[in-house]
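Written below as structure tokens is the structure these notes are about.
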Amino acid sequence: MLEERLNELYEQYGYRKFRMSKFEDYDLYAQNKDFLKSGHIITFTDVDGALKALKPDITLSIMKNNNGSSEKVYYNENVYREMGGTFKEILQVGVESVGQLDPYAEAEVIALAAKSLELLSPDYVLDLSDVSFVNCLLDGMALSGEVREQVLEFIAQKNAPGIQALAGQGKLTQEHAQTIAQLMAIYAPLREGIDQAGQLSRDNASWDALRQLSLVASILEGFGLGDRVHLDFSLVNSMDYYNGVIFQGFLQNIPFPVLSGGRYDNLPHKMGKQVGAIGFALYMGRLEPYFSSEKQYDADLMLTYGPDADLAELAAFVETLRAKGMGVRCQRQGDPVEGVRCRKAARYTRGMKPEEVLV
Amino acid sequence: MINVALPKGRLGESAYERMAAAGYDCPSILEKNRKLTFENPEKGVRYFWVKPSDVSIYVERGAADVGIAGKDILLEYRPDVYELLDLKMGKCRMCVAGPEDFYDDPNRQLRVATKFPHIATEYYDSRSRDIDIIKLNGSIELAPILGLSDVIVDIVETGKTLLENHLAPLETIVDISARFICNKVSYKFKHEEIIRLRDALERDL
């Protein structure tokens, strides 16, 4: 099982399993609405009248339970979220590292993300961006709120013509438009990308962000992942949730990110905890349709028996088949069976030999 | 191999000519037959025709790596894709149109018929105008004539159809042209091929 292999990986790095109940106080989500992707939550009234919710997220609960100490945890939990107009139960596997985070702690989580993807498929890409660098760059341009929002949207679409159009309308200077266009054109292995971003850096804060990133890059090399992580500033979504590095994982032929995560110090700070936090989640539930199923049959053998069959003998015979590793479905002759597919079908006769029906 | 979704119709045909001129030709596409996909392994491309409003779906879901889609479709359906180039073709405007002498009484709710409810809603929201959206799938010009709506939000190319029906473009919402869009995951896994294609198309602009 994939989840078990992922759990083994996390335990190798000393991460502890985090378990929680299906229900959480609704207050937790009401107070931290900004940190949830959508405001739709399944709520119900508990027996004592308290308003409860089916958890839409795990990170908030981990943060809530943190008392300011360093914590490294992983989880496999179902979350309940709105998707495509209805509520869905989605299996999420994730990792969170909380505490006074240094570049090592940050790189470790990114490395775990890469190694998780590798377990799913050797053909993976992990893209990384730094929200604080993008923010510094845009702060330096002193844009109005509306234009800034548009610029961020265009960066997410790598929409160079859109940026040009903004410059044409006089909402951006030509120089700034050029810088943004260069920023979103960057797509390179981390080290190389940092060098390219360095040419756009204009102030100390953005230099600091890059220096931090390059420290992370060298630790990732230590983890043996130097060329597997790419820098791509088009990952700018949920800017209010994340405040530092953010990353997303992709697998070939799956048209959405299968993993996403990043640094989110704003959440613990909002909860009054003086710690940093970084983590990621893998959306296992959404992957299922993309992994080809190996199972083509419900059972190896469909064995039908007539009204005159000796049922005790039948049971004994089928047990010998099962002992040989076969899956066998027994069905009385003439019973309607719909949609069951077996590799082979046979009719049970007295004194039947296993060799006659082995597949 | 890059999968390219082309919109059926005039726009798609001229888009294919652009692709061919950029060195990605596929002669079999010009043959009249019932084939659905057209491949040129030498050039590393496979083309297929889809309904214009479906191009963004094929690209967003990764069935096509890249595609040509009108900006109107991108604004309406908001697919999660990269928008790499403005091809500067298929140019037209998204307009509010109505009777030539239309007076917009601010005290009344405005009835708007359109194929593009998202664009229309957003436009009127930005002006804090209360509207009633009527989603139609074709013959939008008929709506104000029969009194189904006060105005329409639709694409205007020459304005001829409007004129013949005694309608006129009243306001321009946004300029439209064809865009070269790309699936976000393909961009990563076929990066070099896609950048080469984009650069070839950009050279001809």
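The values are calculated or read from the model by the stated rules, or taken from the named source; none is laboratory data. Just so we're clear, the structure is a prediction, and the values are computed from it rather than from any experiment. As a convention, Cβ positions derive from the backbone with ideal geometry for all residues, glycine included, and neighbour counts pool all protein chains shown. Quick note on the areas: whole protein, heavy atoms, side chains included, nothing else; ligands and nucleic acids left out. Shrake-Rupley method; radii C 1.70, N 1.55, O 1.52, S 1.80 Å.
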Taking a probe of 1.4 Å, how large is the accessible area per residue of the protein assembly as shown, in Å²?
49 Å²
What dipole magnitude, in Debye to the nearest 20, does the range A:114-254 give about its Cα centre under +1 on Lys/Arg Cβ and -1 on Asp/Glu Cβ?
80 debye
Inter-label distance, nm, simple model (7 Å from Cα along the C-beta direction), A:K17/A:D203
4.8 nm
The answer for GluC sites (Glu not before Pro) in the range A:313-359 that fall in a DSSP coil and have at most 10 neighbouring Cβ atoms within 10 Å is A:E338
Do you know the relative contact order of chain B, to the nearest whole percent, from alpha carbon pairs under 8 angstrom that are 6+ apart?
28 percent
How much accessible area is lost when chains A and B come together, counting both sides, with a 1.4 Å probe, in Å² rounded to the nearest 100?
1500 Å²
Within the protein assembly as shown, what whole-number % of the accessible surface is contributed by carbon and sulfur, with the 1.4 Å probe and all protein chains included in the calculation?
48 percent
Compute the Kirkwood hydrodynamic radius of the protein assembly as shown, taking the inverse of the mean of 1/r over all pairs of distinct Cα atoms, and give it in Å to one decimal.
27.8 Å
Select from the range B:104-183 those GluC sites (Glu not before Pro) which occupy a DSSP coil region and have at most 13 other Cβ atoms within 10 Å, ordered by residue number.
B:E157
Using +1 at the C-beta of Lys and Arg and -1 at the C-beta of Asp and Glu, which of B:Y103, B:Y77, A:A345 has the Cα lying farthest in the positive direction of the dipole of the protein assembly as shown?
A:A345
Size of electric dipole in the range A:207-322: Cβ of Lys, Arg +1 and of Asp, Glu -1, about Cα centre, debye, nearest 20
960 debye
Qualifying trypsin sites (Lys or Arg not before Pro) for the range A:199-273 [loop in DSSP, other Cβ within 10 Å: at most 10]:
none
Can you tell me which of B:I194, B:I173, B:I131 moves the most in a GNM of chain B? Springs connect C-alpha atoms under 10 Å apart.
B:I131
Along the range B:119-135, Karplus-curve 3J(HN,Hα) (6.51, -1.76, 1.60; θ = phi - 60°) to the nearest Hz, with x for Gly and Pro, reads 4, 5, 4, 5, 4, 6, 4, 5, 9, 6, 9, 7, 10, 10, 7, 10, 7
Which of A:I194, A:G261, A:I278 sits farthest toward the positive end of the charge dipole of the range A:190-303, with +1 on the Cβ of Lys and Arg and -1 on the Cβ of Asp and Glu?
A:I278
Tell me the relative contact order for the range A:232-359 as a rounded percent, counting alpha carbon contacts under 8 Å between residues six or more apart.
20 percent
Could you size up the charge dipole of the protein assembly as shown around its Cα centre, putting +1 on the beta carbon of Lys and Arg and -1 on that of Asp and Glu, and report it in debye to the nearest 20?
1140 debye
Using a 1.4 Å probe on protein heavy atoms, which residues of the range A:143-179 have at least 20 Å² less accessible area in the complex than alone?
A:E153, A:A156, A:Q157, A:K158, A:N159, A:P161
Considering only C-alpha atoms, what is the centroid distance from the range A:223-269 to the range B:9-25, in Å?
36 Å
Let me check against my output: what whole-number percent is the relative contact order of chain A, with C-alpha pairs under 8 Å and at least 6 apart?
17 percent
Whether the range A:6-154 is rounded, prolate or oblate, judged on the alpha carbon gyration tensor where a/c under 1.5 counts as rounded:
oblate
